[in-house]
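**Q** Take this structure first; my questions come after.
The values are calculated or read from the model by the stated rules, or taken from the named source; none is laboratory data. Nothing here was measured: the structure is a model prediction, and the numbers come from that model. Glycine also receives a Cβ, built like all others from the backbone with ideal geometry; neighbour counts cover every protein chain displayed.
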Number of protein chains: 2
Amino acid sequence: MKKVGVAILGLGVVGGGTYQILTQHREFYQRTQNVDIVVESVLELNRERARALGVPSDKIASNIAEIVSDPDVNIVVEVIGGVDAAREYVLAALNAGKTVVTSNKELFCKYSHELERAAKRQNAGLYFEASCVGGVPIIRTLLDGVQANEITSMIGIINGTTNYILTRMNEEGSSYEECLKEAQRLGYAEADPTADVEGYDAAYKLSILSSLAFHTKVPFSKIFREGISGVSAEDIADGRALGYMLKLLAIGKQSEAGIEVRVHPAFVRKGHPLASVNDSFNAVFLTGDSVGDVMLYGRGAGALPTGSAIVSDIIYAATHTENKYSTFKNTAGADKDTKFVSDFKSAYYMRLTVEDRPGILARITAVFGKHNISIVELMQKPACEDGKVPLVIVTHETRELSVRAAVARINALEGVAHVDTVLRVVT
Amino acid sequence: MKKVGVAILGLGVVGGGTYQILTQHREFYQRTQNVDIVVESVLELNRERARALGVPSDKIASNIAEIVSDPDVNIVVEVIGGVDAAREYVLAALNAGKTVVTSNKELFCKYSHELERAAKRQNAGLYFEASCVGGVPIIRTLLDGVQANEITSMIGIINGTTNYILTRMNEEGSSYEECLKEAQRLGYAEADPTADVEGYDAAYKLSILSSLAFHTKVPFSKIFREGISGVSAEDIADGRALGYMLKLLAIGKQSEAGIEVRVHPAFVRKGHPLASVNDSFNAVFLTGDSVGDVMLYGRGAGALPTGSAIVSDIIYAATHTENKYSTFKNTAGADKDTKFVSDFKSAYYMRLTVEDRPGILARITAVFGKHNISIVELMQKPACEDGKVPLVIVTHETRELSVRAAVARINALEGVAHVDTVLRVVT
């Protein structure tokens, strides 16, 4: 039976989960995969933590050099996170001819070209299923499950923290700030939540997934990004009354016009499979030219789900000697002949505050008309104490730049109307 | 660039879709997969049909021998369906060293051992993603996406015909017979619908999927099977009032006690991801010991979705020279040390008709009590014209054999009560 030695860099949440899965399933993998996977070494500065997980003292390495020079280590698992040290360690492992399995979305998003070059030079494998959507095998699906298709659209709920916060806001009617605090208390959000709530984490993943789906490098810098920190309880409640659920979506589309990539909160029609993806669950809804709609759903984070993706990559690496890389183009930036669409099409939800005077509504709808924006639904709410009236409008599909221009024009209507919220709608 | 020659056996719905995908995407696969896939030959007795699809006359073979002796053919796609001819042709192709891609669930369910033996002997590949759940890459996911897990449970809606009929019954309140006729008119059901509505099709697929998930051969004969032809509009309406949707489920579970495999209609709690899988859509809800819950959703049938699975297998075969087979054990029947559970656990929905007399309810609940069945919900409906009262009962989780015994006892209560329906409930 083939024996495979693994080293784990970092025994945090995911590293600990990976260690636990590998040690508890050794006999299972011998029996079902005909491979003996052994943890040969871990790199963890907190030796107490390593010992608490049951790692024997002689398997705790002191530095990366010990690991990359160890002939018993075939596969290096990078789960330390961050970019600088992770990049250095991964390159050291690849340069030593070790196969690398990583969960590091920021690293892979920013440096895939450098890592793939090093891997190919040494004929080492490079796997990154765990970098996107936890245990859900979305990368394997894009590479080996729906690769017969031209993917035209990919809509994902790929950040668990924000989905947890938006689910709580929806179910409890609480404010963003309250729900963020609750998420932090439960460990779903970091003390500094910026990476999650402002959409950076989702954008790193979207860069990786859309590069695979569209067969070209889609750099982070091309992704339109807007977070959820400005979302109000009122908007969630009004959207729900209109039949929509608010989600932080990562959207990638490809058409004749080019590639469109964006991360932003959006209303999803109830009944759409994505609308019922709640709490910290994640999902990716793909559309291919032959397969039609496919959705993958599961846990996007956590020690064991993410560990499942890492160990599935380890087994794949141990049982395949070819197809070791993605089909990324080996570049840092986008191909010069790849076009990107920034004036994308969408339906929109808008909340305005207007003076309660005759003729205002006519002036507002005239602005929309001038910008070719047609209204599906208009909901005038009871006047506030200051006499102003909240107005909620949902539009047909139109263009982002038309909406921005219309909003600027309405805000300039001599103080009679103000656009408080603009959210996109997926129909 | 590697060139791969394909022959397609049968140009029916799926064969036609496969031909169309391959010819329209040739340049796309050259660019994205670095492989040139060419349809070298088709076997279709209806030459008119082949020509209507655009197949050049010189590519229409007259018999299987022409194809298996053609050195330009590397991969043979079997999409003729049925068992006898398909088995003969697939074996001929494998014996000639050709890789086979098939969508034939009945063939693979019944003869996987024979086909895999022939494939291994010749070092030919054998792929069958299209045999289960159309374009949804469930087999690739089991083999290469969640293989780090011990799968404990798999619940699928894996037959589009019955899901279409049940969705219509639910939405329109119509009878089984009316909805079956509508499905036949729309081409979702065959003139003889037995294979679909009695659960044979789902059971073939469950045999294949559970063999992969549980790493042992799960023969068709071990699957408990009950179809939807006895389902009434009343049961669907009453279940819905209680918060459930009726689905034909294929369930596979593995525990210390053994493997449990069954196909039957069952109520699914609203809010469960499977409850909103409607029309001809399919889904498989997996639970793994590390990954937790994962669901794959998509189109379970149709020319292009199933063609997507076939062509994804062709590309996989063309770009991988190893991992050509499943991990099925190479046997016709179950391993002798595999245990199967027939007295499975479930919650139950029952509809009874009882005489409107004092004391009846006490006698019925006493029977349940004696068989260790506890009741979650009891709904007494208005009396019918004949004075009898319909009673709907939902139980806590109990055992199949206890329910059967209790039903026999209630039916023997001297004509005072009769159990009209027993349906299982997934909570």
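**Q** Can you list residue pairs whose Cβ atoms sit under 9 Å apart, with the first residue in region A:1-17 being charged (D, E, K, R) and the second being in a helix (DSSP H, G or I)? Count only pairs 6 or more apart in sequence or on different chains.
**A** From residues that are charged (D, E, K, R), the pairs are A:K2/A:A318; A:K2/A:T319.
**Q** Is it the case, given these coordinates, that A:I21 is under 19 Å from B:V146 (Cα atoms), touching a helix residue (DSSP H, G or I) at 6+ places or on another chain (Cβ under 8 Å) and at pLDDT 95 or above? Quick ask: steps written out before the conclusion?
**A** Details: under 19 Å from B:V146 (Cα atoms): yes; touching a helix residue (DSSP H, G or I) at 6+ places or on another chain (Cβ under 8 Å): yes; at pLDDT 95 or above: yes.
Yes, satisfied.
**Q** Further, regarding this structure: Given the conditions (1) farther than 12 Å from B:V263 by Cβ; (2) assigned to a helix (DSSP H, G or I), and given that B:D192 satisfies all but one, which numbered condition is not satisfied?
**A** Every condition holds for B:D192 apart from (2).
**Q** Among the numbered criteria (1) assigned to a helix (DSSP H, G or I); (2) free of Cβ contacts under 8 Å to residues at least 24 places away in the same chain, which one does B:Y111 miss?
**A** (2)
**Q** Let me ask another. From B:S346, B:S374, which residue is more than 14 Å from every other protein chain (Cβ to nearest Cβ), among the small types (G, A, S) and surrounded by fewer than 18 Cβ atoms within 10 Å (Cβ to Cβ)?
**A** The unique qualifying residue is B:S374.
**Q** While we're on this one: Given the conditions (1) free of Cβ contacts under 8 Å to residues at least 40 places away in the same chain; (2) more than 27 Å from the chain's Cα centre (by Cα); (3) under 30 Å from A:P219 (Cβ atoms), and given that A:R26 satisfies all but one, which numbered condition is not satisfied?
**A** Result: A:R26 fails condition (3) only.
**Q** Which ones in region B:24-42 are at pLDDT 95 or above, polar (S, T, N, Q) and closer than 18 Å to B:T319 by Cα?
**A** Matches in region B:24-42: B:Q30 only.
**Q** Which ones in region B:29-58 are over 30 Å from A:T216 (Cα atoms), over 30 Å from the mean Cα position of the chain (by Cα) and touching a residue at least 12 places away in the same chain (Cβ under 8 Å)?
**A** The answer is B:E40, B:S41, B:R47, B:G54, B:V55.
**Q** Hey, another quick one. Do we have any residue at all in region B:200-212 that's in a loop (DSSP other than H, G, I, E, B) and either crowded, with 16+ Cβ neighbours inside 10 Å or over 20 Å from the mean Cα position of the chain (by Cα) (or both)?
**A** no
**Q** Still on this model: Looking at (1) within 12 Å of chain A (Cβ to nearest Cβ); (2) assigned to a loop (DSSP other than H, G, I, E, B); (3) modelled with pLDDT of 95 or more, can you tell me which one B:T216 breaks?
**A** Here B:T216 clears every test but (3).
**Q** Against the conditions (1) within 14 Å of another protein chain (Cβ to nearest Cβ); (2) more than 30 Å from A:V4 (Cβ to Cβ); (3) crowded, with 17+ Cβ neighbours inside 10 Å, where does A:L352 fall short? Just the number, please.
**A** Result: A:L352 fails condition (1) only.
**Q** Which residues, counting only those in region A:295-339, are away from chain B (no Cβ under 14 Å) and either surrounded by fewer than 16 Cβ atoms within 10 Å (Cβ to Cβ) or in contact with a His (Cβ under 9 Å, 6 or more places away or on another chain) (or both)? Write out each step before concluding.
**A** Going through region A:295-339, the residues away from chain B (no Cβ under 14 Å) turn out to be A:331-334, A:336, A:339.
Selection gives A:T331, A:A332, A:G333, A:K336, A:K339.
**Q** Run down A:E66, A:E48 and say which single residue is loosely packed, with under 12 Cβ neighbours inside 10 Å, more than 14 Å from chain B (Cβ to nearest Cβ) and not in a loop (DSSP other than H, G, I, E, B). I'd like the intermediate steps shown before the answer.
**A** Details: A:E66 fails: loosely packed, with under 12 Cβ neighbours inside 10 Å.
Result of the check over A:E66, A:E48: A:E48.
**Q** Still on this structure, I have one more. Checking the condition basic (K, R) and in contact with a Pro (Cβ under 9 Å, 6 or more places away or on another chain), which residue from B:R404, B:R424, B:R409 passes?
**A** None of the others qualify; the one that does is B:R424.
**Q** Hey, another quick one. Checking the structure you have, find out if any residue of region A:242-249 is over 18 Å from the mean Cα position of the chain (by Cα), of a type outside the set (D, E) and surrounded by fewer than 20 Cβ atoms within 10 Å (Cβ to Cβ).
**A** Within region A:242-249 (the criterion being over 18 Å from the mean Cα position of the chain (by Cα), of a type outside the set (D, E) and surrounded by fewer than 20 Cβ atoms within 10 Å (Cβ to Cβ)), the answer is yes, since at least one residue qualifies.
**Q** Kindly provide the set of residues from region A:364-407 that are within 20 Å of A:D235 (Cβ to Cβ) and assigned to a helix (DSSP H, G or I), ordered by number.
**A** Residues satisfying the conditions are A:I364, A:F368, A:E400, A:V403, A:R404, A:A406, A:V407.
**Q** Now for a different question. Only one of A:G239, A:G252, A:G230 is away from chain B (no Cβ under 14 Å), among the small types (G, A, S) and in a loop (DSSP other than H, G, I, E, B). Can you tell me which?
**A** The unique qualifying residue is A:G230.
**Q** Quick one: how many residues across region A:320-379 are among the β-branched types (V, I, T) and within 33 Å of the chain's Cα centre (by Cα)?
**A** Taking region A:320-379 and keeping what is among the β-branched types (V, I, T), we get A:321, A:327, A:331, A:338, A:341, A:353-354, A:360, A:364-365, A:367, A:373, A:375-376.
Subset that is within 33 Å of the chain's Cα centre (by Cα): A:321, A:327, A:331, A:338, A:341, A:373, A:375-376.
So the count comes out to 8.
**Q** If you take the residues in region A:257-272 that are within 14 Å of another protein chain (Cβ to nearest Cβ) and of a type outside the set (A, V, I, L, M), which one is nearest to A:V376 (Cα to Cα)?
**A** This residue is A:R269.
**Q** Select, from B:V83, B:V90, B:V13, the only residue that is β-branched (V, I, T), within 14 Å of another protein chain (Cβ to nearest Cβ) and more than 30 Å from A:Y325 (Cβ to Cβ).
**A** Values: B:V83 fails: within 14 Å of another protein chain (Cβ to nearest Cβ); B:V90 fails: within 14 Å of another protein chain (Cβ to nearest Cβ).
Sole residue among the options that is β-branched (V, I, T), within 14 Å of another protein chain (Cβ to nearest Cβ) and more than 30 Å from A:Y325 (Cβ to Cβ): B:V13.
**Q** Can you pull out every residue in region A:134-155 that is touching a residue at least 24 places away in the same chain (Cβ under 8 Å), touching a helix residue (DSSP H, G or I) at 6+ places or on another chain (Cβ under 7 Å) and outside any helix (DSSP H, G or I)?
**A** A:G134, A:G135, A:P137, A:V146, A:A148, A:N149, A:E150, A:I151, A:M154, A:I155
**Q** Is it true that B:G227 is small (G, A, S) and in contact with a strand residue (DSSP E or B) (Cβ under 7 Å, 6 or more places away or on another chain)?
**A** no
**Q** Out of curiosity, is B:G298 under 19 Å from the mean Cα position of the chain (by Cα) and under 25 Å from B:I158 (Cα atoms)?
**A** Numbers: under 19 Å from the mean Cα position of the chain (by Cα): yes; under 25 Å from B:I158 (Cα atoms): yes.
So B:G298 passes the test.
**Q** Moving to a separate point now. If you scan region B:69-95, which residues turn out to be surrounded by fewer than 18 Cβ atoms within 10 Å (Cβ to Cβ) and not in a helix (DSSP H, G or I)?
**A** Those that are surrounded by fewer than 18 Cβ atoms within 10 Å (Cβ to Cβ) and not in a helix (DSSP H, G or I): B:S69, B:D70, B:P71, B:D72, B:G82, B:V83.
**Q** Take the residues of region B:377-406 that are of a type in the set (D, E, K, R) and more than 16 Å from B:H418 (Cα to Cα): which is surrounded by the fewest Cβ atoms within 10 Å (Cβ to Cβ)?
**A** Restricting attention to region B:377-406, the residues satisfying the condition of being of a type in the set (D, E, K, R) are B:377, B:381, B:385-386, B:388, B:397, B:399-400, B:404.
Narrowing further to those that are more than 16 Å from B:H418 (Cα to Cα): B:377, B:385, B:397, B:399-400.
Details: B:E377: 12, B:E385: 5, B:E397: 13, B:R399: 16, B:E400: 19.
Taking the candidates together, the pick is B:E385.
**Q** Which ones in region A:123-142 are of a type in the set (A, V, I, L, M, F, W, C) and closer than 26 Å to A:V426 by Cβ?
**A** Scanning region A:123-142 gives A:C132, A:V133, A:V136, A:I138, A:I139, A:L142.
**Q** Moving on. May I ask you to verify whether B:T32 is out of contact with any strand residue (DSSP E or B) (no Cβ under 7 Å at 6 or more places or on another chain), surrounded by 14 or more Cβ atoms within 10 Å (Cβ to Cβ) and part of a helix (DSSP H, G or I)? Give the steps one after another, and end with the answer.
**A** On the way: out of contact with any strand residue (DSSP E or B) (no Cβ under 7 Å at 6 or more places or on another chain): yes; surrounded by 14 or more Cβ atoms within 10 Å (Cβ to Cβ): yes; part of a helix (DSSP H, G or I): yes.
Yes: the conditions hold for B:T32.
**Q** Report, by residue number, each residue of region B:122-168 that is among the charged types (D, E, K, R) and either buried (at least 24 other Cβ atoms within 10 Å of the Cβ) or within 9 Å of chain A (Cβ to nearest Cβ) (or both).
**A** Scanning region B:122-168 gives B:E129, B:R140, B:D144, B:E150.
**Q** Another question, if that's okay. Which members of region A:273-294 meet the condition of being part of a loop (DSSP other than H, G, I, E, B), under 25 Å from A:N149 (Cβ atoms) and either more than 7 Å from chain B (Cβ to nearest Cβ) or free of Cβ contacts under 8 Å to residues at least 24 places away in the same chain (or both)? Can you show your working first?
**A** Step one: filter region A:273-294 for residues part of a loop (DSSP other than H, G, I, E, B), giving A:277-280, A:289-291.
With under 25 Å from A:N149 (Cβ atoms) added as a condition, the list becomes A:277, A:289-291.
Across region A:273-294, the qualifying residues are A:V277, A:D289.
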